[in-house]
Amino acid sequence: MKKIINPWKGFEGYNCFGCSPDNEAGVKMEFYEDGDEVVSIWKPRPDYQGWLNTLHGGIQAVLLDEICAWVVLRKLQTTGMTSKMETRYRKAISTNDSHVVLRAKIKETKRNIVFIEAKLYDKDEDLCTEAVCTYFTFPQEKAREEMFFKTCEVEPEELLPLI
């Protein structure tokens with residue numbers, strides 16, 4: 001696995017709820033490339049609970065949507081926006097868990113529409129939530145001019161599994 005470099009880190013005004021390391025209320029996700037997948041290891045917090053000690057379903061949707069966006073960034077080298085997200089909740093996730101693991105990859109591409117499959121696993125590697133996100137991708141010129149996106153690269157060194 002290689003860590004994906006956040007192309008907006010340090011960019012003035014960058015405050016994404018999903019991936020900005022400086023958004024105090026945000027979930028501060030980081031991403032890794034593992035073959036054709038993008039991976040994130042994330043620590044649940046009690047601040048994000050729905051039911052007592054249970055990770056809120058909306059936060060799970062945020063995590064899944066965000067990792068899908070990073071698949072577009074890394075694998076297609078452009079930006080885009082979610083046009084549809086189908087989510088299936090299978091098993092509750094405890095906010096006391098040491099971590100969760102998210103994995104996402106491109107399922108299908110039709111011109112500028114990309115279907116991305118994302119899965120969220122608990123610390124015991126049980127599948128808890130899954131989603132298919134339909135993304136409308138922007139031409140690279142629009143991504144550069146309007147989203148300030150240049151490229152999405154990885155760190156040069158391989159990392160051992162983080163969990």
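Among the listed pairs 84/150; 3/28; 43/75; 43/84, a Cα-Cα separation exceeding 21 Å is found for 84/150; 43/75; 43/84.
Each of 78, 134 was scored by other Cβ atoms within 10 Å of its Cβ. Arranged with the fewest first, they read 134, 78. Applying the Karplus relation 6.51 cos²θ - 1.76 cosθ + 1.60 with θ = phi - 60° to the stretch 55-67 yields 3J(HN,Hα) values of 5, 4, x, x, 5, 4, 5, 4, 4, 5, 5, 5, 5 Hz, where x marks Gly and Pro.
Length gained on full extension, residue 142 to residue 2, computed as 0.36 nm times the residue gap minus the Cα-Cα distance: 47.7 nm.
For residue 9, a cut-off of 12 angstrom between C-alpha atoms picks up these aspartates and glutamates, skipping any fewer than 8 places away in its own chain: 22, 30. Listed from fewest to most Cβ neighbours within 10 Å, the set 145, 66 follows the order 145, 66. Taking other residues whose beta carbon is less than 12 angstrom from the beta carbon of residue 100, and scoring Lys, Arg as +1 and Asp, Glu as -1, yields +1. With K and R counted +1 and D and E -1, the other residues having a Cβ less than 14 Å from that of residue 27 yield a net charge of -3.
Note on residue 97 and residue 115: the model spin-label points, each 7 Å out from Cα along the C-beta direction, lie 2.6 nm apart. Largest GNM mean-square fluctuation among 73, 102, 52, using the chain with Cα springs under 10 Å: 52.
Using the average count of surrounding beta-carbon atoms within 10 Å as a protection proxy, the listed peptides 15-28, 119-132 rank, highest first, as 119-132, 15-28. Ordered by the count of other Cβ atoms within 10 Å of each Cβ, fewest first, 41, 4 give 41, 4. Considering only 35, 80, 13, the Gaussian network model of the chain with Cα springs below 10 Å gives its largest mean-square fluctuation to 13.
For the pair residue 85 and residue 51, label points projected 7 Å from Cα toward Cβ lie 2.1 nm apart.
Just so you know, all these numbers are worked out from the coordinates, no wet-lab data involved. Here the structure is a predicted model, which is why all the values come from computation and not from measurement. When we count neighbours, we look across all protein chains shown, and the Cβ atoms used for this are built from the backbone with ideal geometry, even at glycine.
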